[in-house]
Amino acid sequence: MSSDLEKLRRTAKLLKKAFAQGDADALSRLRAVVPAPKEPLHADFLHVIAVEEGHESWPKLKLALETAGMDRAGRAKRLRTALYHGQAWVIEKLLAADPELAHADLAIELALCDLDAVEARIAANPSLATAEIHGRTPLIHLCFSKYHKCADVPPDRILAIADLLRQNCADPNESYAEEAGSDHRLSALYGALGHADNMPLAEWLLRHGANPDDNESLYHAVELDHTEGLNLLCRHGVDPARTNALARALDFDRIEPVRILLEHGANPNEGLHHNHPRGQPPVTFTTLHQAARRGRSGAFAELLLSFGADAAAVWRGRSAYALACLYGNRDFALVLEAKGFGEELDPGVAVLASCAGGKQPQGSIRGMELGSEDRKLVVRIAGTPDALPQMKSLIEAGLDPDEADEMKLTALHVAGWNGRVDQVAYLIAQGADLTHRNRHGGDAIGTVIHGAEFAPRADGADHVACARLLLEAGTRFPVEDMLATGSEEMADFLSDWREEHGAGLLSS
């Protein structure tokens, strides 16, 4: 299979090169699939090849080739993954090619919400209701399935399966370790509420004794595009303390989740707590500071203050008002001023605050004493779509473009991970350190390659263009990064670069 896929990838590359050279046949083949005047991307040429091979898209062609080389156990594993992630078209293709795959094991039947099949298995052997399958109990497979998002599954059918499992000793507080050997466990409640967005099942779990204080569900409830899960947890007595849910809610420009949390006892002065399993260092600013730096409006300031937020609280030497000024959040600062919490800014802060919006800095901070957070302002705003003008002004005022955050990420790393070409180009021109390694061990090019696969999709992001800029500036990448990336576009670009520039630019 891999050799067939590589041949087709090379065919797409040849088509792309022919098109770039003005070949009429290449243009005709492209426009038969991709309408003008769209500027073609690498993915468009892959799409042309897929259509010419009789498939609707490159991912569907890739799936067909991958599964053709799999045995039944491999296809079953791929189906379980698709059910976990809610990949509707993958589920459809796999089951269309092999309908019996739906009954390969109990885990798949649970994830497909097949009540009849689950009933038959458990009637024959009740101990299956609590026995682990592929490292997870049956209730976990049910709760983490996103199949209900792909198909019109009646909630009553899902709840009937949950009832059947519970009648056979399944525990609503079951959990599993996301990584083998880890002490950090993900609960069935988190699966239903935070992962699968299955509110009827989440309510069933809570009604039957699931602990709402599982250190995951409330935090992730605020990430949903509705407040049903948040309200559900509050009705069942969730304790917002030490969950960081309020601070997480302030990452989004939605005020209602913030209001709900405050009304149910969240403390706006609590600060953040460090209980993350992956070892990130603690950050202890209050929620008023969080709202100020996240660009939240004055309405958020009004709400937090009305619930007792301490506007005089200081984080790393700075009040929320000073932080709002530093980040150019004038609307937030105006509310604090109106409430009597404005203040005269320190000279260094005043210079940095004058850079908001990309304005000419009113002086220089060189030689001034700054707080640690002041010095990190460039890396803090990097990666956001419109940050470049302010970044330029801050660096002109004297901030170091290579100042790193708690994870040893520089502005170049953050901009590259988010695919911000303009910021990467500017930082390279400023002489940013291309070899600096962050706490994960990645340098600038490695961070861009990682971001191509894992960064949220955003308008204007172009990771390949960022990688090209770094390579043209003389950075190197290990062959392992090219082979390991899950971004086909990035993998193809790096492969092309290697072919065109030789192995001398590679390090391993």
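Any read-out appearing in this document is the output of simple, stated calculations on the displayed coordinates, not a laboratory observation. A quick note: this is a predicted structure, and the numbers were derived from the prediction, not measured. We place every Cβ from the backbone using ideal geometry, glycine too, and count neighbours over all the protein chains shown.
Entry note, the stretch 391-508: relative contact order of 23 percent, from Cα contacts under 8 Å with a spacing of 6+ residues.
One decimal place: the segment N173-A124 gains 15.1 nm when fully extended, by the rule 0.36 nm per residue minus the C-alpha distance.
Of the trypsin sites (Lys or Arg not before Pro) found in the stretch 428-492, the ones in coil according to DSSP and having at most 13 other Cβ atoms within 10 Å of their Cβ are R457.
How many angstrom lie between the Cα centre of the stretch 197-226 and the Cα centre of the stretch 112-172? When both Cα centres are located, 18 Å separates them. In terms of other Cβ atoms within 10 Å, T447, T137, T384 run from fewest to most in the order T384, T137, T447.
The radius of gyration of the Cα set in the stretch 1-69, together with its Dmax, comes out at 12.1, 38 angstrom. Using a cutoff of 8 angstrom between alpha carbon atoms and counting only pairs six or more residues apart, the relative contact order for the stretch 1-69 works out to 37 percent. Label reach from E344 (point 7 Å along Cα→C-beta): in the stretch 302-330, amide nitrogens under 16 Å belong to 322. Taking the square roots of 5 times each eigenvalue of the Cα gyration tensor of the stretch 181-330, largest first, gives ellipsoid semi-axes of 28, 17, 12 Å. Here the contact order of the chain, divided by its residue count and restricted to Cα pairs under 8 Å and six or more residues apart, works out to 6 percent. On the beta carbon distance between Q430 and E100, with R0 = 41 Å, the FRET formula returns roughly 0.10.
The length gained on full extension between E472 and R366, counted as 0.36 nm times the residue separation minus their Cα-Cα distance, comes to 35.0 nm. Put simply, the C-alpha atoms of the stretch 353-508 give a gyration tensor, and the ellipsoid matching it has half-axes of 30, 15, 13 Å, longest first. When C234, C466, C355 are sorted by how many other C-beta atoms sit within 10 angstrom of their C-beta, beginning with the fewest, the order is C234, C355, C466.
Treating r as the C-beta distance of D183 and E337 and R0 as 45 Å, the FRET efficiency rounds to 0.45.
Would you mind checking K93/K146; K7/K77; K7/K60; K60/K146 for any pair whose Cα atoms are more than 22 angstrom apart? The pairs that break the limit, which is 22 Å between Cα atoms, are K7/K77.
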